[in-house]
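See below for the structure under consideration.
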Amino acid sequence: MDTVIIIAILAIFTGLLFLLQRMAAKYVKFSTRVFTALAIGLVFGIIIQLLFKADSDVTTVAIDWMSIVGSGYVRFLQMLIMPLIFVSVVGAFTKIEQTKDLGKISISVLVTLLATTAVAAFIGWAAVIIFNLDGAQFVEGAAEAARIESLAERQQQVVGLTIPGQILSFIPSNIFEDFAGLRSTSTISVVIFSSFVGIAYMGIKRKDATNAATFKKGLDAVQAVIMRIVTLVLRLTPYGILALTTKMTATSSLQAILNLGVFVLASYAALFVVLILHSIILITQKVSPLTYFKKAFPVLSFAFTARSSAGALPLNIKTQTEALGVDSASANFAASFGVSIGQNGCAGVYPAMLATIIAPTVGIDVTSVGFVLTLIAIVTIGSFGVAGVGGGATFAALIVLGALNLPIAIAGLVISVEPVVDMMRTMVNVNDSMLAGVVSSRTIKQFDDSVLNNPEAVVENDGM
């Protein structure tokens, strides 16, 4: 009987996939298809849970088969991270017209990413205090217990890792190992290596223009191929979102989500305040937040639903250059660095909130100036090397909790609402990287206001 039910569920799932395919064939907007998949997945998953329960054999087996689509989509995104970062960072160097702009772009991007992360950490701390979550106790179920055990294994990666040791771990000793993503800091190591390649290119450009031109032509060709692969993968987004959302709602404990409702509310409130901070910075750069967010909506909506900063990288760069008026070099630098450095949501708000929630349980006064300053410093430094696809926030949290000698259980107890919170976190991450591009472009006086103010200069992801 169970087998028949499972086959029926999978048949319905296949029908929903076909529905999304028909929408694509009729050229329905990409963002519309993604949000449709999100809504259908939410309803379908809830129905499965209500009828068969989250931990039943029917649900487990059916979701296991659906994961071929959902987890397969995530793996394709992970496959693209390193190639994307490499061609984007090196490509940024090939697009810099004047060497003197290199330092200004790098500094303005890094300062923007890290400064906003520091403020985001403070906002995360404040949200916990305002919502009275400091010292809060969350319910532990079977899923949470399994998650905590898994985190204990991952924590071994950061045990005994000092801040100098963490900084040293950013430097690649075997770049092939980092291209394979075998280290927790592989992402930022690839960024560093790519920067060295770019700097080397600029040196060759001055001394051997012919070889430099050949390298640039080859890189442009490789970048075109990779971007085409990206397009092919991103076309799978609605199907991946449907599978992932169905899994989230079918297997998550509804009671646990209700119990963690205040945490979700506090998280969204904090992340919304970070967006307000971004808006204030935009105003200082003479950019209308209303115009900015209207034009940035396609990439931000993609980031929200796909939960992948790295997956949003191509659309991020395209939005900056074609819709916002950011110069190409600043856009490539900001988007690429933003994948692994200073993510306001995953590496700023989230670890700060977890640390502030758990600290009182071990006798720490979270309202003391010393704790707040220490927390902000550790969160900011720990924001280096956070990967742009699933799991980066957890790693950032482990670093911060470990540095403060706090138990890691809190990171496992919120697993039930992790996907829900991660949507908004990822959107904030991507927005911060675009903000850094705007600031950098203004700094080197290459920002094109005519593009920003042109209502027809928009980027729609319909090509996917």
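The values are calculated or read from the model by the stated rules, or taken from the named source; none is laboratory data. What you are looking at is a predicted structure, and each value in this text was computed from that prediction instead of being measured. Because the Cβ atoms are built from the backbone with ideal geometry, glycine has one as well, and the counts that use them run over all protein chains shown. All accessible areas refer to the heavy atoms of the entire protein, side chains included, with ligands and DNA or RNA removed. Shrake-Rupley method; radii C 1.70, N 1.55, O 1.52, S 1.80 Å.
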Practice task
Please state which of the following conditions residue 458 fails to meet, knowing it meets all the rest: (1) modelled with pLDDT of 80 or more; (2) open to solvent by 10 Å² or more (accessible area, probe 1.4 Å); (3) under 19 Å from residue 114 (Cβ atoms).
Solution key: (3)
Practice task
Taking the options 327, 365, name whichever one is acidic (Asp, Glu), touching a helix residue (DSSP H, G or I) at 6+ places or on another chain (Cβ under 7 Å) and more than 23 Å from residue 93 (Cα to Cα).
Solution key: 365
Completion exercise
The one condition residue 177 fails out of (1) at pLDDT 90 or above; (2) of a type in the set (D, E, K, R); (3) touching a helix residue (DSSP H, G or I) at 6+ places or on another chain (Cβ under 6 Å) is (3)
Handout entry: Breaking point among (1) among the aromatic types (Phe, Trp, Tyr); (2) within 17 Å of the chain's Cα centre (by Cα); (3) under 25 Å from residue 8 (Cα atoms), for residue 35
Key = (2)
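Report whether or not residue 86 is open to solvent by 40 Å² or more (accessible area, probe 1.4 Å), touching a Ser or Thr at 6+ places or on another chain (Cβ under 7 Å) and more than 30 Å from residue 382 (Cα to Cα).
So residue 86 does not fit the description; no.
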Handout entry: Every residue from the stretch 187-216 that is under 26 Å from residue 308 (Cβ atoms) and hydroxyl-bearing (Ser, Thr, Tyr)
Key = 187, 189, 194, 195
Problem - Residues of the stretch 365-385 that turn out to be over 25 Å from residue 132 (Cβ atoms) and among the β-branched types (Val, Ile, Thr), as a count - result: 2
Handout entry: Qualifying helices (runs of 4 or more DSSP H) (wholly inside the stretch 160-225; at least 1 residues being touching a Pro at 6+ places or on another chain (Cβ under 8 Å) and open to solvent by 50 Å² or more (accessible area, probe 1.4 Å))
Key = 186-207
Completion exercise
Apart from one, (1) farther than 30 Å from residue 168 by Cα; (2) in contact with a helix residue (DSSP H, G or I) (Cβ under 8 Å, 6 or more places away or on another chain); (3) at pLDDT 90 or above all hold for residue 194; the odd one out is (1)
Completion exercise
Going through (1) of a type in the set (Val, Ile, Thr); (2) in a helix (DSSP H, G or I); (3) modelled with pLDDT under 90 one by one, residue 117 fails only at (3)
Exercise for the section: Pick out the one residue from 24, 8, 54 that is among the small types (Gly, Ala, Ser), out of contact with any Gly (no Cβ under 8 Å at 6 or more places or on another chain) and not in a helix (DSSP H, G or I). Expected result: 54
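When you go through 403, 377, 329 one by one, which is the residue that is surrounded by 24 or more Cβ atoms within 10 Å (Cβ to Cβ), more than 19 Å from residue 429 (Cβ to Cβ) and over 17 Å from the mean Cα position of the chain (by Cα)?
Just a single option satisfies the conditions, and that option is 329.
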Problem - Residue in the stretch 392-405 that is modelled with pLDDT of 80 or more and among the polar types (S, T, N, Q) present - result: yes
Practice task
Give just the number: which of (1) touching a helix residue (DSSP H, G or I) at 6+ places or on another chain (Cβ under 8 Å); (2) surrounded by fewer than 18 Cβ atoms within 10 Å (Cβ to Cβ); (3) assigned to a helix (DSSP H, G or I) does residue 249 not satisfy?
Solution key: (2)
Fill in the blank from the handout: The number of residues in the stretch 276-293 that are open to solvent by 60 Å² or more (accessible area, probe 1.4 Å) and within 20 Å of residue 448 (Cβ to Cβ) is 4
Problem - Candidates 35, 93, filtered to the one that is of a type in the set (A, V, I, L, M, F, W, C), open to solvent by 40 Å² or more (accessible area, probe 1.4 Å), at pLDDT below 90 and in a helix (DSSP H, G or I) - result: 35
Completion exercise
Taking first residues from the stretch 321-336 that are part of a loop (DSSP other than H, G, I, E, B) and second residues anywhere that are modelled with pLDDT of 90 or more and open to solvent by less than 10 Å² (accessible area, probe 1.4 Å), the pairs with Cβ under 7 Å that are 6 or more apart or on different chains are 325/452; 326/320; 326/437; 326/438; 326/441; 327/441
Fill in the blank from the handout: Within the stretch 282-320, residues being part of a helix (DSSP H, G or I) and over 21 Å from residue 340 (Cβ atoms) number 14
Practice task
Starting from the stretch 233-249, take each residue that is touching a residue at least 60 places away in the same chain (Cβ under 8 Å) and list its partners that are open to solvent by 50 Å² or more (accessible area, probe 1.4 Å) and part of a helix (DSSP H, G or I), counting only C-beta distances under 7 angstrom and pairs at least six apart or across chains.
Solution key: 233/76; 236/76; 245/42; 249/42; 249/46
Handout entry: Selection count, the stretch 69-78, where residues are in contact (Cβ under 8 Å) with a residue 24 or more places away in the chain and open to solvent by 50 Å² or more (accessible area, probe 1.4 Å)
Key = 2
Practice task
Being open to solvent by 20 Å² or more (accessible area, probe 1.4 Å) and in contact with a helix residue (DSSP H, G or I) (Cβ under 8 Å, 6 or more places away or on another chain) is the filter here, so list the residues in the stretch 50-59 that pass it.
Solution key: 52, 53, 54, 55, 57
Completion exercise
Reported set for the stretch 237-246 where residues are modelled with pLDDT under 90 and open to solvent by 30 Å² or more (accessible area, probe 1.4 Å) is 244
